[in-house]
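Novice: Sharing a structure below in structure tokens format, with a few things to ask.
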Amino acid sequence: MKQVEIDAQIRTDSGKGVARKLRKDGQVPGVLYGPKTDTISIFVNRHELNKLLIAAKGEQLLFSLNLRDNGQTSKHLTLIKELQRHPVNDEIRHIDFYKIYVDEEVTVNVPIAVTGKAKGVEEGGVLEIIQRGLEISCLPLAIPKEIQIDVTELGIGEAMHVKDITPPEGVRFLNDPDTTLLTIVGPEAKQAEEEAEEGEEGEEAGPEPESEEA
């Protein structure tokens, strides 16, 4: 798992006005918290944070937080637990850093990556991905970028479940073993499903209103 550094500054003031001013100045208000530490109000530079997140391309990152307070700097190993964005312009408005320790397991969600071309798809079926990620538990430095699933041997009507996948070394899957991750749907079943969805959308829309014109 990729580890990056970012500077953070402790903030002593709080409230909407303070947060608004920080955002105006190009900063992102946030907090640092964890099971062994009190919650600390902080802020980080928006440009630096965006640059790291864009470079990660969706990969989970370990953040080494350089926390500054009155000329003193302390280091904290963290994960992003929550990232709040503006609903219109997608600008980061608040961030929660969760303090972790290299020798203690953490729980995170990692994406699923499909590899190979299923024989069921070759026969005209359609690959349907039911779950986009898996919840795992492992040591921070063992967090994988993704969980790969080879679907080459999957035929029409067959599915892959959590119990069908071997986790990477040092990783435990926390999802129910019977959870369906993906399946190959036959062309007839796919068409019936699409027609049913179209029917539901039509019902929700309701009848066309009658014209008031004479």
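Coordinate-derived values only; no laboratory data. Keep in mind the model is a prediction, meaning the values are calculated, not measured. Every residue, glycine among them, receives a Cβ derived from its backbone with ideal geometry; neighbour counts consider all protein chains shown.
Novice: Pick out, in residue order, every one of the trypsin sites (Lys or Arg not before Pro) in the range 112-164 that is DSSP loop and has at most 16 other C-beta atoms within 10 Å; say none if there are none.
Specialist: Values: sites: 117, 119, 132, 145, 163; in loops: 117, 132, 145.
Those that pass, being in a loop and sparsely packed, are 117, 132, 145.
Novice: Under 29 Å Cα-Cα from residue 16, which lysines qualify once same-chain neighbours fewer than 8 residues away are excluded?
Specialist: 24, 36, 51, 75, 81, 99
Novice: Could I ask something else about it? Only loop residues by DSSP count here, and only those with at most 13 other Cβ atoms within 10 Å; note down the trypsin sites (Lys or Arg not before Pro) in the range 1-87 that meet that. Display every interim value, and only then the final one.
Specialist: Working: sites: 2, 11, 16, 20, 21, 23, 24, 36, 46, 51, 57, 68, 75, 81, 85; in loops: 2, 11, 36, 57.
Qualifying residues, ordered by number: 2, 36, 57.
Novice: Right, next: Among all the lysines, which ones have a C-alpha under 22 Å from residue 119's C-alpha, if same-chain residues fewer than 8 places away are not counted?
Specialist: Qualifying lysines at Cα under 22 Å: 163, 190.
Novice: Moving on. Just to confirm the number: angle between the C-alpha axis of helix 187-205 and the first principal axis of the chain, 0 to 90 degrees, nearest 10?
Specialist: The two axes meet at around 70 degrees.
Novice: Another one. Taking 0.36 nm per residue of sequence separation and subtracting the Cα-Cα distance, how much length would be gained by fully extending the chain between residue 51 and residue 39, in nm to one decimal?
Specialist: 1.8 nm
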